[in-house]
Each structure stands twice: as structure tokens, then as C-alpha cells.
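The structure under discussion appears below in the form of C-alpha cells.
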Amino acid sequence: MQYTLPLAPFDRIASLHQRLLAVFGPPSDFVRLDPISQMILAMLSGRTRNETALGVFAALVEHFEVARHKGSWQRLAKASSHDLDPLLEGITHPERKAEALPRVLQEIASLRGALDLGFLHGWPVENALSWLERLYGVGPKTSTATLNMSTLRRRVLVVDTAHWRAARCLGLVPERASPERSVRLLNRLLPNDWGASHTEEHHILMQDLGRTFCARSSKASCPFTNVCAGSATPQRTRLLEEWLRDAPPAHALPGGNVKTSQISPLKEDAANLNQGAAGAPPPVQTASASAASC
Ligand code: SF4
């Protein structure tokens, strides 16, 4: 009879992160939008390609003259579905989003007396998530993206569909865990010393894995094929654990492998958009905004 010794506990997410960095390279830097703008972008990107969502977001900025009005989305808050329909071309579920976008802005203005989410900067993350998820059309993907990817820079992991798919494949969450439950489960696994930049980077790397391999016919070339828990057996799970334990240390990763930034239509507008974000801390990094598509 063969005995298997239990493995000592270790930080699986941190090790997986190192593996992902070795495969995909560090993500490019990002433009930090103010929280309202990031929320709108996250809502647009639900089940929509990043490029499409970014293009529609830029069209909304222009149409509602958001940059000219110092980042104020007031005009979108007053828009009708009729105004919005032609602007949401290419977006998934345009009719739902045409209803949700003005409504969520009206709710924020009515609850807070202003179109501003800067007050969430000082709130505990769990409370901030709950507050956001009570707004019309805001689910865990939008709430986490608003907190993590905006100028709020909160330490919380965004989990979109691609990320969720990869996390299930790798056995990080149970096969039957819904996307909503997976967000909570994965956030509980975060290494203690991670900050907002780590969680954002991890989300982008997992998104890359889910999109590049799990969702495509290129599964055979996936670097995780030998260890993936897709066919979860005790042997496979152990293999994955051992492989993750052997993840290269950060200093052993290839240097200069930063991916080219997506060309963001927002880059030039970001400074103007952020003017309206009273109470939000200044951007920590620069570059192209992330849509965190779902
Ligand atoms: S082996 Fe397949 S299911 Fe597992 S991570 Fe790779 S592509 Fe996804």
C-alpha cells in the first residue's frame, strides 16, 4: 500500500501568481479612473469584450461631455434609453444597461447628495461592497472593480467570468461555485501581505489564463495542462500543489516582459474625468484603464 504524506500548508494564490507571471509576464500599468467612471466602465464591460467596452465608454464620455464638465456624469444620469441605445452598439444586453446606467447614477446622487463615491475610500471593504451591491444593476464584479481598479485602490480581488472559469479549472474554488460565491471564496484566499496592486495584477493574470486557454480550443498548449484539476482526482490535486510549491521566486522571473498596453481611448481624458472625484486619493499608477469584463 502506498502512503501519501500530507503537504504542509502554503500560500497557493501567491505561488500561482508567480507561475502566472512566468507565463504571461507582468501586466501593463493602468490608468486609474475615478470610482464613478470605473463603475460605468465595469457595467459596460459585463459579458462584453474589453475593446468594445472601452470604445463605448469613450463614446459616452464624448457624447455627455464628461471631460468638459470636469468628470461629471450628470448628463448621463438624466439620459433616456432612447438617448443611450445608439451609443451602446456592440455591448451585450444594451437594453438592460441603457436602463441601469442612468438609474445607478440617480440612486447614488439621491443617497449621497452628489455623484461621488470618494467616501468609500475610508470604509471597510466588506461594507463598501455591500453598499455598492445594493445599487441597481451592481453585482460583485462591478463592485469589486469599482473599489480595486479606480482611484480608490482598495485591496479586493475582481473575479470576472474568465477568472472564475480558470479558478474552477485549477481547483481554487469548487466546481459548482457560482461566480458570486467564488468572489468571496477567492478573496478569503488572498495572501496577507497583498495590497491593491497585487489583487489587480492577479485578476488580470487569471483573466489572461481563462481567456487565452480555458475558453478556447488551445487548451492543449496551456502551461497548466499537466496539473489542472479539470479532471479533479487526488493525484491531480497533489500534482498541482507540488507544482505550485515549486513556483519560481519573483527575482527569478524573466525581466522586461511587460505586455504592451492596450491602446486606451481614455488615456488623454483620464485626468479630466478624475477632476470630479472629490475625496478620492491620487492615482498610484498610470496607463490604460481596465474594463474587467465579465
Ligand atoms: S488545463 Fe485547461 S482548464 Fe486547466 S487552466 Fe489550462 S486551459 Fe484551463
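Descriptive notes on the structure:
- Matching entry among R211, R153 (being under 13 Å from the mean Cα position of the chain (by Cα), touching a residue at least 12 places away in the same chain (Cβ under 8 Å) and either surrounded by 17 or more Cβ atoms within 10 Å (Cβ to Cβ) or closer than 27 Å to A109 by Cα (or both)): R153
- Among the residues listed as D85, D29, the single one being among the acidic types (D, E), in contact with a Pro (Cβ under 7 Å, 6 or more places away or on another chain) and surrounded by fewer than 19 Cβ atoms within 10 Å (Cβ to Cβ): D85
- Residue within the range 194-201 that is out of contact with any helix residue (DSSP H, G or I) (no Cβ under 7 Å at 6 or more places or on another chain), in a loop (DSSP other than H, G, I, E, B) and either more than 15 Å from the ligand (Cβ to nearest atom) or at pLDDT 90 or above (or both) present: yes
- Look at the range 36-53: where a residue is over 19 Å from P102 (Cα atoms) and outside the structural domain of G139 (by TED's automatic domain parsing), no partner that is surrounded by fewer than 24 Cβ atoms within 10 Å (Cβ to Cβ) and modelled with pLDDT of 95 or more sits 6+ places away or on another chain with Cβ atoms under 9 Å.
- Residue in the range 72-83 that is under 21 Å from the mean Cα position of the chain (by Cα) and farther than 16 Å from D34 by Cβ present: no
- On the stretch given as the range 202-235, residues that are at pLDDT 75 or above and either in the same structural domain as T144 (by TED's automatic domain parsing) or part of a helix (DSSP H, G or I) (or both) total 14.
- Pairs where the first residue, in the range 62-84, is within 18 Å of G113 (Cα to Cα) and in contact (Cβ under 8 Å) with a residue 24 or more places away in the chain and the second is among the β-branched types (V, I, T) and outside any loop (DSSP other than H, G, I, E, B), C-beta under 7 Å, 6+ apart: W73/I36; W73/I40
The values are calculated or read from the model by the stated rules, or taken from the named source; none is laboratory data. Predicted model, so just to flag it, every value in this text is computed and none were measured. Using ideal geometry, Cβ is built from the backbone for each residue, glycine included, and neighbour counts are taken over all protein chains shown.
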